[in-house]
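Participant: Have a look at the structure that comes next, please.
Bear in mind these aren't lab numbers, they're just calculated from the coordinates by the rules spelled out. Treat the numbers as computed from the prediction; the structure is a model and nothing was measured. Don't worry about glycine lacking a Cβ; one is built from the backbone with ideal geometry, like all the others, and counts go over all protein chains shown.
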């Protein structure tokens, strides 16, 4: 086994961010102890805390720390405290600039139901029993979110325009991520677009079919985004890997997370051409429970496992964390968001500690 030294840029962020990130860092330290690796941490201000300290949701020197790190761990940013700041200074602008600055164009979000939490899914038991285990690969730094946005007065009334634009190369690079991900799983890839209406989607579909010739071992299918939204709740077992553009992926991945029972359980990774990725749970900053030891740290801890697997090439170490999470759920421990009668309700810090106690090298 090769012993590694990795520097992780740590964005604790706002709300519950510092609480959940702390538990993930303890998991990294435990992995270092078990496997002999060394993890160092560089703190980065981003979001509301950066606005308060620096007047900027992501100062340039903070972005440089992220770009120069081996990978980035993010808790959550934002909250009502910063709702009224100018649009270009909002916490979320820091996140968009971070993604663009790091060049992470592929957001990979798993939708997986843990068997211990099957009853928490809002779907019928008969649907859940068929299985929920797929990944949405979302293009992250193009499309309507990064197009021009203008509001001007036309004929006496305000007129707003948001530009949705994709080039062939942007579609191709995210398409390859989708095909490669499907190749590592069950070999099924569903490309989601709105080609019956949008030119950008017609180009998307054409590029995906051209790429398909390079991946004869992957079965490619097409689905319109509105139908996909329906199918995710009708029969999620039909999906393995879904690849789609930025806005569609934003919406569908949130929908997919809810059918698993709790957004507190879902990690995500954002990757580009290098191994330096951005890893974060999918939920928000939850300011209403910040500092109350009520947050669920599992999504953040599983994000740490994804970093080990996809950026640091440490699959055994990632498996160690995932086994520990499963063992704690098997033992009936639950944070408030996933609690049900008969389980043992615990707080954020204790959940992290229980996971540490179940981490063992195999």
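Participant: Return the calculated 222 nm mean residue ellipticity for the chain, to the nearest 500 deg cm²/dmol, obtained by summing -39500 (n - 2.57) across DSSP H runs with n ≥ 4 and dividing by the residue count.
Facilitator: My calculation for the chain gives -12500 deg cm²/dmol from helical runs alone.
Participant: Right, here's the next one. Translational diffusion coefficient, Stokes-Einstein: compute it for the chain using the Kirkwood radius over C-alpha pairs as Rh, at 10 °C and 1.306 mPa s, and state it as an integer in µm² s⁻¹. The partial results should precede the final answer.
Facilitator: On the way: Rh = 21.2 Å.
My calculation gives 75 µm²/s for D.
Participant: Please identify, among 237, 221, 148, the residue showing maximal mean-square fluctuation in a Gaussian network model of the chain using a 10 angstrom Cα cutoff.
Facilitator: It is 148.
Participant: Something else about it: Quick check of the Kirkwood formula: for the stretch 56-110, what is the inverse mean of 1/r over all pairs of different Cα atoms, in Å? Working shown, then result.
Facilitator: Working: mean 1/r = 0.0813 Å⁻¹.
By the Kirkwood definition, the hydrodynamic radius is 12.3 Å.
Participant: Residue 362 versus residue 54, label points 7 Å from Cα toward the beta carbon: distance in nm?
Facilitator: 4.2 nm
Participant: At what distance in nm do the modelled label points of residue 4 and residue 151 sit from each other, each positioned 7 Å from its Cα along Cα→Cβ?
Facilitator: 4.5 nm
Participant: Mind jotting down the distance between the C-alpha centroids of the stretch 1-33 and the stretch 155-175, whole Å?
Facilitator: The two parts, judged by their Cα centres, are 36 Å apart.
Participant: How fast does the stretch 122-259 diffuse by Stokes-Einstein, in µm²/s, taking the Kirkwood radius from C-alpha pairs at 37 °C and 0.692 mPa s? All intermediate terms of the calculation are to be shown ahead of the outcome.
Facilitator: Values: Rh = 15.9 Å.
Stokes-Einstein gives a translational diffusion coefficient of 206 µm²/s.
Participant: Based on other C-beta atoms within 10 Å, arrange 54, 82 from fewest to most. Please report the intermediate quantities before stating the final value.
Facilitator: On the way: 54 14, 82 19.
By the 10 Å Cβ count, ascending: 54, 82.
Participant: Suppose we take every Cα in the stretch 1-110 and form the convex hull; what volume per residue is that in Å³? Write down the numbers at each step before the final one.
Facilitator: On the way: hull volume 13.4 nm³, N = 110.
Considering the Cα atoms of the stretch 1-110, their hull volume per residue is 122 Å³.
Participant: Now a separate question. Once the convex hull of the C-alpha atoms of the stretch 187-303 is built, how many Å³ does it hold per residue, rounded to a whole number? Please list the in-between numbers first.
Facilitator: Working: hull volume 16.7 nm³, N = 117.
Once divided by residue count, the hull of the stretch 187-303 is 143 Å³.
Participant: Once you order the gyration tensor axes a ≥ b ≥ c over the Cα atoms, which shape class does the stretch 233-288 get: rounded for a/c under 1.5, otherwise prolate or oblate by comparing a/b with b/c?
Facilitator: On the way: a/c = 1.90, a/b = 1.10, b/c = 1.73.
The shape class here is oblate.
Participant: Expressed as a whole number of Å, what is the distance separating the alpha-carbon centroids of the stretch 97-124 and the stretch 277-296?
Facilitator: After rounding, the separation between the Cα centres reads 14 Å.
Participant: Over the chain, what relative contact order in percent results from Cα pairs under 8 Å that are six or more residues apart? Write down the numbers at each step before the final one.
Facilitator: Working: 760 pairs, mean separation 78.2, N = 362.
In percent, rounded to a whole number, it is 22.
Participant: Counting alpha carbon pairs within less than 8 Å and at least 6 residues apart, what relative contact order, in whole percent, applies to the stretch 249-362? Mind dumping the intermediate values first?
Facilitator: Numbers: 161 pairs, mean separation 27.3, N = 114.
This gives 24 percent for the stretch 249-362.
Participant: If you don't mind, another one. For the stretch 284-322, list residues with backbone N below 19 Å from a point placed 7 Å from the Cα of residue 40 toward its Cβ?
Facilitator: 312
Participant: Say R0 is 30 Å: what FRET efficiency, to the nearest 0.05, do residue 125 and residue 221 get from their beta-carbon distance?
Facilitator: Values: r = 27 Å, r/R0 = 0.90.
Approximately 0.65, to the nearest 0.05.
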